[in-house]
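The values are calculated or read from the model by the stated rules, or taken from the named source; none is laboratory data. Treat the numbers as computed from the prediction; the structure is a model and nothing was measured. Positions of Cβ are generated from backbone atoms using ideal geometry, with glycine treated the same way; all protein chains shown enter the neighbour counts. With ligands, DNA and RNA removed, areas are computed over all heavy atoms of the protein, side chains included. Shrake-Rupley method; radii C 1.70, N 1.55, O 1.52, S 1.80 Å.
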Amino acid sequence: MASTKLLDTIAAIATASGAGGIGVVRVSGPAVQLIAAQVLGSCPAPRHASYLDFKQANGDLIDRGIAIFYPNPHSYTGEDVLELQAHGGTALMQILLARCIALGARQAEPGEFTRRAYLNDKIDLAQAEAVADVINAATIEAAKSAVRSLSGEFSQRINALLLKLIDLRMFVEACLDFPEEEIDFITQGRVAEKLASIITELKSVFSKAKQGSLLREGINVVLVGQPNVGKSSLMNQLAGEEIAIVTSIAGTTRDTIKNAIQINGVPLHVIDTAGLRETDDEVEKFGIARTWRAAESANIALLLVDAAHGITETEKSILARLPQEIRKIWVHNKIDVANELPLVKEINGATHIYLSAKTGAGLELLKSHLLKLVGYENNSEGVFMARARHLEALLKVETHLSIAGQQIKSAELLAEELRIAQDALGSITGEFTPDDLLGEIFSKFCIGK
């Protein structure tokens, strides 16, 4: 993407809201040196931390702190950037920001600093998205993967694929100049072999990206079943603490309870629900209705049953009502009462896990199967933080490369499929990205980043 010259200057508080030991106001744009001179008395030396007075227009002291000036193009945004580090009081930060705005800056929009970095070729779009992912990472593994994407590893893999795809496309289109010999050209150029190599590499990238998507988005798991089968006890075991109230009274859980935990770095969003049964209790009815709504948004449903009586017609009716696309695991609880051992069984294509939510026996079997069910490999090496749009783009590339393989004897059709695949692949790093998508991406950033 060509560097974009922006004429206005933006400013924002770059640290988290609320009081803190240090707060940072960041300014970027052509008026930075003027603002620095007015606030500080003069513009500091480039890339040196200078301890200075921050002053109002009438000379009154706002605060004393550290000022750092980054001249373009060697800054985060590629523009002149000024960072003012002061004491992190909420009111003080607002005063300092207002001073910068009074001198010609405007309040930055969410993600606008990172958007400028992208527009000025400091980072590509995948790296820009990784900035927000680093900030919002909920687990250590997610943070590592986000940093890997931010450093450019994901983009490098995408660009390497893109170069191979462009090279192949150029060769195929060159064949169009010699239509009477096109099949010979395709054969001699080992087009099928090169295409297969690209597809193999693409699948490797997709696998790593899919793992990263799981680290970013996590897994939504809903616990469903009749009253008193141990849903709340299982929730507490998975969380490692008393999240839900557990009693022997049927209907104790009357509303959905959500809790975020992690398994091997993968966020697990667990929803404990009201027991499913016929009831005249109006409050319990509301809880049951919410149970069904929670099930609709889940990736996996754990259908809990009492190991003593197994799956009854009631459990079968619950299964029939769950959305077909949700993956399901039968969890036979209370094996401690039945004096059974934990195990995993596959029966008629369905997974049955026997455990005790009370003692924790068999809990590791359940955790392992949850990760297996979503295709997560217990190895974060080389995993990239990926978003839904990245996976959609990679799937589109795979689809059109597969079609290209079927059109190997027709240079025209083959070239068109390669062109579509190239456009889809380029959209990941921002080589071919519409402005409305950019607006959607950066609107989800925090202000000041």
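What does the charge dipole of region 5-120 about its Cα centre add up to, to the nearest 20 debye, if the Cβ of each Lys and Arg holds +1 and the Cβ of each Asp and Glu holds -1?
Approximately 100 debye in magnitude.
So if each residue of separation counts as 0.36 nm, and I subtract the Cα-Cα distance between residue 87 and residue 443, what length gain in nm does that give?
Going from the current span to full extension adds 125.4 nm.
Taking K and R as +1 and D and E as -1, what net charge do the other residues with C-beta under 12 Å from the C-beta of residue 31 add up to?
Residues close to residue 31 contribute a combined charge of -2.
In nanometres, what is the gap between the two model label sites at residue 56 and residue 138, each 7 Å from Cα along Cα-to-Cβ?
Label-label distance for residue 56 and residue 138, simple model: 4.5 nm.
About its Cα centre, how strong a charge dipole does region 325-367 have in debye, to the nearest 20, once Lys and Arg get +1 and Asp and Glu get -1 at the Cβ?
100 debye
How much length is gained if the chain between residue 406 and residue 320 is pulled fully straight, taking 0.36 nm per residue apart and subtracting their Cα-Cα distance, in nm to one decimal?
Full-extension gain reported as 27.0 nm.
List the GluC sites (Glu not before Pro) in region 307-365 that DSSP assigns to loop (not H, G, I, E or B) and whose Cβ has at most 13 other Cβ atoms within 10 Å. Which are they?
Listed in order of number, the matching sites are 325.
Over region 307-431, with the other protein chains present, what is the accessible area per residue in square angstrom, probe 1.4 angstrom?
Result: 50 Å² of accessible area for each residue.
Give me the one-decimal Kirkwood hydrodynamic radius in Å for region 1-132, with the sum taken over alpha-carbon pairs.
Answer for region 1-132: a Kirkwood hydrodynamic radius of 14.8 Å.
Can you pull the one-decimal nm distance between simple spin-label points at residue 373 and residue 22, each 7 Å off the Cα toward Cβ?
4.5 nm
Note down the nm distance, to one decimal, between modelled labels 7 Å out along Cα→Cβ at residue 344 and at residue 49.
5.0 nm
Any idea what the dipole of region 336-395 comes to, in debye rounded to 20, about its Cα centre with Lys/Arg Cβ at +1 and Asp/Glu Cβ at -1?
200 debye
By how many nm would the segment from residue 194 to residue 7 lengthen if fully extended, with 0.36 nm per residue of separation less the alpha-carbon distance?
So the chain would gain 62.7 nm between residue 194 and residue 7.
With the Cα gyration tensor of region 47-123 giving a ≥ b ≥ c as the square roots of its eigenvalues, does the rule (a/c under 1.5 for rounded; else a/b larger than b/c for prolate; else oblate) give rounded, prolate or oblate?
prolate
Which of the GluC sites (Glu not before Pro) across region 68-162 are loop residues per DSSP, with 16 or fewer other Cβ within 10 Å?
none
Give me the net charge of residue 234's neighbourhood, meaning all other residues with Cβ under 12 Å from the Cβ of residue 234; Lys, Arg count +1, Asp, Glu -1.
Result for the local shell: +3.
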